[in-house]
Every structure is written in structure tokens, then in C-alpha cells.
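One structure is given here, and the rest of the page talks about it.
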Amino acid sequence: MDVWGENHTFDVERETEEYTKAEYIVTASGNKVSRRSVLCGSQNIMINGRTIIKEGCLLRGDLNSIKLGRYCTLQEETVIRPPYKKFIKGIAFFPVQLGDFCMVGRGSVVNAATIGSCVRIGADCYIGRRTVIRDCVVIDDGTILPEDFVCPPFTRWSGKPGQLVEELPESLEMVLAEDSRDYYDKFVPVGPSGPGWQSATRKLSVISRLNVGGSGKGQSPATLSKSPENC
């Protein structure tokens, strides 16, 4: 995902991207969730609306709560996993929150504690445990951020490990917000729902609860005795 071109410009004019209607569930609040994504612990997953979750994404709401803002996009095979910390008595998983107008690129793994609004995370990135990413941050493809890292607002990061590349203009906030809206509006369905659509909807009805958000559970750390590597 090219989030910041060589000429330091951001192209807000996107082409229309089509998806097969039968492959997505569209909730009452406008969330578009792929039937081939996996949302564990859906009662702990809250999506505020007009968010796109594509094929192969994994959200580990069974570990602790996950909150996604409006107009977020998770590209294919994105993993959102609540961060953990080891204590003498076991392991505690903490909630993870993404603000509005965030995009996460294909194949990226996010273990952050908090991600602000208007954030762009490129493809194949790794965001370490308990990392805090402030508003209007751009992270280039393939970047690795270590655990407990803090990215200040209006900055761009790249490399393994991630290094500060440059400071970004404050006007970028408006551009990124508009780009997120444009991406959502141009992600459009094509074709009929197809046979078996109603049956598939019943099997995946748990996802439809995302339009009203989570149950409020999982706000405090959930202490587990098993190894986090197996989660």
C-alpha cells in the first residue's frame, strides 16, 4: 500500500474497487465485513461504522476488547491482536483501540495499545506490543516498530526497526480523512447475492452484531495462564 509517494503527495482520487455482494456482510451502520474474515470474541469487538474488513483478516476479540473507529479499512490478512504483558501471576491482555480514518495494509500485524485517527500503516508491517501511535502518522511498507514504542503525531516512519523519516504537515489530517471516506464510497458491490446467501447469513449472524458494538466486556486486562505465543 503506497501511502506516501516519492514526491510527498497523497492521491485522494481513487478508482472504484468492486467486491462480490455475496462475499460480504453489510451491517446497519455500514460496516462491510468479509465472510472470509475471522472475528473471535465478537461480543468484545466494537466497530463504530463504515469500516471495511477484508478477506483473511483476524481480530482476536477473545483476548480483550477491540475498538475500531469510523471509516477504517483493514486490508487482506491483517491481524489485530490485543497486546499482552507478563506478570508473576500470569499474562494480562489489554484492550486495543483504533481511531477514525485508519488504514492498515495487507498482511500487517498490529499489537498496539492505541492507534490515533488518520493513521496509515503500510503492508507487511509489524507493530509491537503496547505501541502507541498518535494521530496523523504514516508507517511505510515493511516497517517494524518495537514494543512500548511511541510515534508522535504528524510523523512518518520506515525501516527495521522503524526510524523517523520526516515530520508531516498538519494539513495532512484533512487529506487522510477525505481519502478514507473516498475509499469507502468507492468500495462497491457487484453481482447478485447468489444461492445460499440467506443460509450463509444465518451461519455468520454473529458478525451482524458489530453494527451495535461490543457488550462492554473486556475493558480491564484479562489475565491468562497460557502462553501468549499460542494465542
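The values are calculated or read from the model by the stated rules, or taken from the named source; none is laboratory data. Small disclaimer: the values here were computed from a predicted structure and weren't measured. Please note: Cβ atoms are built from the backbone with ideal geometry, for glycine as well, and neighbour counts cover all protein chains shown. Surface accessibility is based on the protein's heavy atoms, side chains included, excluding ligands, DNA and RNA. Shrake-Rupley method; radii C 1.70, N 1.55, O 1.52, S 1.80 Å.
When both bridge partners sit in the stretch 87-180, DSSP labels roughly 25% of those beta bridges antiparallel.
Regarding the stretch 61-127, what whole-number volume in Å³ per residue does the convex hull of its Cα atoms give?
Cα-based convex hull of the stretch 61-127, divided per residue, equals 74 Å³.
The solvent-accessible area of R35, taken with every protein chain present and a 1.4 Å probe, is close to 40 Å². Within the shell defined by Cβ-Cβ distances under 10 Å, the residues around G69 carry a net charge of +2, with Lys and Arg each +1 and Asp and Glu each -1.
Within the stretch 83-125, antiparallel bridges make up roughly 50 percent of the DSSP beta bridges whose residues both belong there. Taking 17 Å as the straight-line reach from the Cα of K86, the aspartates and glutamates in range (excluding those fewer than 8 positions away in the same chain) are E147, D148, E229. Remark: the stretch 110-125, residue by residue, has Karplus-estimated 3J(HN,Hα) of 10, 10, 5, 7, 9, 10, x, 8, 6, 10, 10, 10, x, 6, 6, 8 Hz, where x stands for each Gly or Pro and the curve is 6.51 cos²θ - 1.76 cosθ + 1.60 at θ = phi - 60°. Note on the stretch 2-131: antiparallel DSSP beta bridges, both residues inside, total approximately 20 percent of the bridges counted. For the cross-link pairs K32/K186; K67/K160; K54/K160; K32/K67; K21/K186, the ones whose C-alpha atoms lie over 23 Å apart are K67/K160; K54/K160.
In the stretch 1-159, the alpha-carbon atoms span a convex hull of 104 Å³ per residue.
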